[in-house]
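K.L.:
This is the structure I want to talk about, given as structure tokens.
The values are calculated or read from the model by the stated rules, or taken from the named source; none is laboratory data. Bear in mind that the values here come from a model prediction, so they are computed numbers and not experimental data. Virtual Cβ from ideal backbone geometry, glycine too; neighbours counted across all protein chains shown.
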Amino acid sequence: MFGNIHELKTFCEDRKIQLIDFKVVDLAGRWHHLTIPVERFSEKTLENGIGFDGSSYGFLTVEKSDMVFIPDITSAFVDPFAEIPALTMIGDIYTLGEQRERFAGDPRYVAEKAEKYLLELGIADRNLLGPEFEFYILDHISFKNTPNHMEVFLDSHQAEWNGEKKDEKNLGYKVMHHKGYHADIPYDASFHLRNKMVRALEDNGIPVKYHHSENGGPGQVEIEVSFGPLKEMADRTMKLKYIVKNMALAHGKTVTFMPKPFFGEAGSGMHVHIQLFKDGKPIFFDDKGYSGLSDTALYAIGGVLKHSPALMAFTNPSTNSYKRLVPGYEAPVSICFATANRSSVIRIPGYATSPEAKRFEFRPSDATSNPYLAYAALMMAVIDGIQKRIDPREEGFGPYDVNMYALSEEEKKKIRELPHSLEEAANALEEDHEFLLAGGVFSEGLIGDQLRKIRKEAEQVRIVPHPLEYKMYYDL
């Protein structure tokens, strides 16, 4: 937003900004924040930074956990939810030692290095990512986990199960099971709220392509944003989740980006479209290639598919992710590519026919991921595929222009599947992460932190009895 501190100071005076708020991302992809009076913000803030405990952010491999973050004034935006006018900006993490230097495990720095590495290799001078954000807007969430009581209760006023309520005013217009896709008002109960969300996103530098009601009856929706460069898109992803969640709360609603909050209803993904350009020209287009794709695009697809099991540890890093990625639903589990096929890991949009629009889409990812790490990992797989000329056809990845779930069992066995659990994804990353270390983009320390984190979470879930087990086994 600002090129120098003078511009920032002038803006604060003109807009009567009273507080400066700093956001710093942790390993899991959550923002932490710290706020100071505008009077305390100066050149020294940008020179010396502000200290914090890095171990509290999940960065466990550093010998000393004391770190500092230095604000990036180009990322500044006015917080739409602050009661007192506040300017917010994202901080970059530095380690303290003989000399201060960027922390190799800072997710934002990893995204920055991935873009720089792509440029240094001469593969492309412009990259564009386009995520699609699916989530549920709900009216209630409560949960309890104690040794003798495990419970979760979700509710949405527009859900089918509320259609029979008689003890309170009921106006009907409930969305039936799996019938929410592009539902119109009055069924689309969150339409007016989403309009406000979208205007807030636009006002804060996040261009939106469109928004609509999604398949899940109990309030699933989607906001798709315009494409942007890797690190900038990760910043936008964090801002989008911040704005969407806080806007919902301000209107008495709650939002979850969990991949599978409801049993039997549609899961929420975060499909990511990828494009590369060089000298102003799209390098993924060739009108003579399969589905209009160049060899470079096919190699990029080959890299993503070959490394997709390992990528899952960053793109799908929650135990809940693997309750969405199951056969028989729209969510992809088959490691293959195809045109206009939503059951494949890589989909080439059939409607994107012009050279400038030609791209492919990675469909498994979800928004429990840290966007800086997920987008960077995807780009590193793209780079590896292009550099090593990994042809997805020779690797047996397709194309499969058929419904994967309609294949015979014998045909299905020929197609490799994504990991079925977070533990399997962790094992895949441990075995296959050299491509992430190229160019110093990821570090062994960061990968180790991620493995420890997701394995610990998987173990926490694994040892807790599931309510369904009581139905299945209590009487045996």
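K.L.:
Give me the pairs: first residue in region 97-113 and without any contact (Cβ under 8 Å) to a residue 24 or more places away in the chain, second residue surrounded by 15 or more Cβ atoms within 10 Å (Cβ to Cβ) and part of a helix (DSSP H, G or I), beta-carbon distance under 7 Å, and six or more apart or on different chains, which are they?
P.N.:
Pairs found: Arg102/Tyr109.
K.L.:
So Ile386 clears everything in (1) among the aliphatic types (A, V, I, L, M); (2) closer than 30 Å to Ile223 by Cα; (3) in contact with a Phe, Trp or Tyr (Cβ under 8 Å, 6 or more places away or on another chain) except one condition, right? Which one?
P.N.:
(2)
K.L.:
One residue is enough: does region 138-147 have a residue meeting the conditions at pLDDT below 95 and assigned to a loop (DSSP other than H, G, I, E, B)?
P.N.:
Yes - at least one qualifying residue is present in region 138-147.
K.L.:
Right, another one. For the structure I just gave you, tell me whether Val255 is farther than 22 Å from Val333 by Cβ and under 16 Å from the mean Cα position of the chain (by Cα).
P.N.:
Numbers: farther than 22 Å from Val333 by Cβ: yes; under 16 Å from the mean Cα position of the chain (by Cα): yes.
Against the criterion (farther than 22 Å from Val333 by Cβ and under 16 Å from the mean Cα position of the chain (by Cα)), Val255 qualifies.
K.L.:
Do we find a residue being farther than 30 Å from Ser318 by Cα, part of a strand (DSSP E or B) and at pLDDT 95 or above anywhere in region 64-74?
P.N.:
yes
K.L.:
Has region 86-105 got at least one residue that is over 23 Å from Lys231 (Cα atoms), in a loop (DSSP other than H, G, I, E, B) and either hydroxyl-bearing (Ser, Thr, Tyr) or touching a Ser or Thr at 6+ places or on another chain (Cβ under 8 Å) (or both)?
P.N.:
Going through region 86-105, the residues over 23 Å from Lys231 (Cα atoms) turn out to be 86, 96-99.
Then drop every residue that is not in a loop (DSSP other than H, G, I, E, B), which leaves 96-99.
With the extra rule that they be either hydroxyl-bearing (Ser, Thr, Tyr) or touching a Ser or Thr at 6+ places or on another chain (Cβ under 8 Å) (or both), the set shrinks to none.
Looking for residues that are over 23 Å from Lys231 (Cα atoms), in a loop (DSSP other than H, G, I, E, B) and either hydroxyl-bearing (Ser, Thr, Tyr) or touching a Ser or Thr at 6+ places or on another chain (Cβ under 8 Å) (or both), one finds none in region 86-105, hence no.
K.L.:
Then there's this: Tell me, which residue of region 342-357 that is part of a loop (DSSP other than H, G, I, E, B) and not aliphatic (A, V, I, L, M) is surrounded by the most Cβ atoms within 10 Å (Cβ to Cβ)?
P.N.:
Residues of region 342-357 that are part of a loop (DSSP other than H, G, I, E, B), as a first pass: 342-343, 349-354.
Checking which are not aliphatic (A, V, I, L, M) leaves us with 342-343, 349-351, 353-354.
Numbers: Arg342: 15, Ser343: 23, Pro349: 15, Gly350: 13, Tyr351: 7, Thr353: 12, Ser354: 10.
Ranking the candidates gives Ser343 first.
K.L.:
Please enumerate the residues belonging to region 248-276 that are in contact with a Leu (Cβ under 9 Å, 6 or more places away or on another chain), free of Cβ contacts under 8 Å to residues at least 60 places away in the same chain and outside any loop (DSSP other than H, G, I, E, B).
P.N.:
Scanning region 248-276 gives no hits.
K.L.:
I'd like the full set of residues that are modelled with pLDDT under 95 and not in a helix (DSSP H, G or I), limited to region 398-419. I'd like the intermediate steps shown before the answer.
P.N.:
Residues of region 398-419 that are modelled with pLDDT under 95, as a first pass: 398-417.
Gly398, Pro399, Tyr400, Asp401, Val402, Asn403, Leu407, Ser408, Lys414, Ile415, Arg416, Glu417, listed by residue number.
K.L.:
Somewhere in region 408-416, is a residue buried (at least 22 other Cβ atoms within 10 Å of the Cβ), of a type in the set (A, V, I, L, M, F, W, C) and closer than 26 Å to Ser318 by Cα?
P.N.:
Residues of region 408-416 that are buried (at least 22 other Cβ atoms within 10 Å of the Cβ), as a first pass: none.
Scanning region 408-416 turns up no residue that is buried (at least 22 other Cβ atoms within 10 Å of the Cβ), of a type in the set (A, V, I, L, M, F, W, C) and closer than 26 Å to Ser318 by Cα.
K.L.:
Return the residues of region 263-291 that are buried (at least 21 other Cβ atoms within 10 Å of the Cβ) and either in contact with a Cys (Cβ under 9 Å, 6 or more places away or on another chain) or among the hydrophobic types (A, V, I, L, M, F, W, C) (or both); say none if nothing qualifies.
P.N.:
Matches in region 263-291: Ala266, Met270, Val272, Ile274, Leu276, Ile283, Phe284, Phe285.
K.L.:
When you go through Glu134, Glu112 one by one, which is the residue that is closer than 30 Å to Met247 by Cα, buried (at least 21 other Cβ atoms within 10 Å of the Cβ) and of a type in the set (D, E, K, R)? Spell out how you get there, then give the answer.
P.N.:
On the way: Glu112 fails: buried (at least 21 other Cβ atoms within 10 Å of the Cβ).
Step by step, each of Glu134, Glu112 is checked, and only Glu134 is closer than 30 Å to Met247 by Cα, buried (at least 21 other Cβ atoms within 10 Å of the Cβ) and of a type in the set (D, E, K, R).
K.L.:
Restricting to region 283-300, name every residue that is more than 12 Å from Ala357 (Cα to Cα), in a loop (DSSP other than H, G, I, E, B) and aromatic (Phe, Trp, Tyr).
P.N.:
none
K.L.:
Tell me yes or no: at least one residue of region 155-166 is surrounded by 11 or more Cβ atoms within 10 Å (Cβ to Cβ) and either within 23 Å of the chain's Cα centre (by Cα) or assigned by TED's automatic domain parsing to the domain that holds Asp79 (or both). Please lay out each step first, then the result.
P.N.:
Residues of region 155-166 that are surrounded by 11 or more Cβ atoms within 10 Å (Cβ to Cβ), as a first pass: 155-163, 165.
If we keep only those that are either within 23 Å of the chain's Cα centre (by Cα) or assigned by TED's automatic domain parsing to the domain that holds Asp79 (or both) too, we end up with none.
No, the conditions are met nowhere in region 155-166.
K.L.:
Give the residue, chosen from Arg194, Arg236, Arg199, that is of a type outside the set (Phe, Trp, Tyr) and under 15 Å from the mean Cα position of the chain (by Cα).
P.N.:
Working: Arg194 fails: under 15 Å from the mean Cα position of the chain (by Cα); Arg199 fails: under 15 Å from the mean Cα position of the chain (by Cα).
That would be Arg236, the only listed residue that is of a type outside the set (Phe, Trp, Tyr) and under 15 Å from the mean Cα position of the chain (by Cα).
K.L.:
Can you tell me which condition Phe133 does not meet? The list is (1) in the same structural domain as Arg359 (by TED's automatic domain parsing); (2) more than 21 Å from the chain's Cα centre (by Cα); (3) more than 29 Å from Ile463 (Cβ to Cβ), and all the others hold.
P.N.:
Against the list (1) in the same structural domain as Arg359 (by TED's automatic domain parsing); (2) more than 21 Å from the chain's Cα centre (by Cα); (3) more than 29 Å from Ile463 (Cβ to Cβ), Phe133 comes up short only on (2).
K.L.:
Looking at Leu305 and the list (1) over 20 Å from Met233 (Cβ atoms); (2) touching a residue at least 60 places away in the same chain (Cβ under 8 Å); (3) in a loop (DSSP other than H, G, I, E, B), which single condition is not satisfied?
P.N.:
The failed condition is (3).
K.L.:
Okay, moving on. Select, from Tyr187, Tyr210, Tyr173, Tyr181, the only residue that is among the hydroxyl-bearing types (Ser, Thr, Tyr), without any contact (Cβ under 8 Å) to a residue 60 or more places away in the chain and either in a helix (DSSP H, G or I) or closer than 30 Å to Val382 by Cα (or both).
P.N.:
Values: Tyr187 fails: either in a helix (DSSP H, G or I) or closer than 30 Å to Val382 by Cα (or both); Tyr173 fails: either in a helix (DSSP H, G or I) or closer than 30 Å to Val382 by Cα (or both); Tyr181 fails: either in a helix (DSSP H, G or I) or closer than 30 Å to Val382 by Cα (or both).
Unique residue meeting the criteria: Tyr210.
K.L.:
Which one of Ala234, Ala189, Ala248 is under 17 Å from Leu129 (Cβ atoms) and buried (at least 21 other Cβ atoms within 10 Å of the Cβ)? Before you say what the answer is, go through the steps one by one.
P.N.:
Details: Ala189 fails: under 17 Å from Leu129 (Cβ atoms); Ala248 fails: under 17 Å from Leu129 (Cβ atoms).
Just one listed residue meets the conditions, Ala234.
K.L.:
Among Phe442, Phe435, which is the only one that is under 16 Å from His307 (Cβ atoms), out of contact with any strand residue (DSSP E or B) (no Cβ under 7 Å at 6 or more places or on another chain), aromatic (Phe, Trp, Tyr) and not in a helix (DSSP H, G or I)?
P.N.:
Working: Phe435 fails: not in a helix (DSSP H, G or I).
Within the list Phe442, Phe435, the selection yields Phe442.
K.L.:
Checking the structure you have, find out if any residue of region 160-170 is assigned to a strand (DSSP E or B) and either out of contact with any helix residue (DSSP H, G or I) (no Cβ under 8 Å at 6 or more places or on another chain) or under 20 Å from Phe257 (Cβ atoms) (or both).
P.N.:
Of the residues in region 160-170, the ones assigned to a strand (DSSP E or B) are none.
Scanning region 160-170 turns up no residue that is assigned to a strand (DSSP E or B) and either out of contact with any helix residue (DSSP H, G or I) (no Cβ under 8 Å at 6 or more places or on another chain) or under 20 Å from Phe257 (Cβ atoms) (or both).
K.L.:
Give region 358-386 a look and list any residue that's of a type in the set (Asp, Glu), touching a helix residue (DSSP H, G or I) at 6+ places or on another chain (Cβ under 9 Å) and outside any loop (DSSP other than H, G, I, E, B), or say none.
P.N.:
Matches in region 358-386: Asp384 only.
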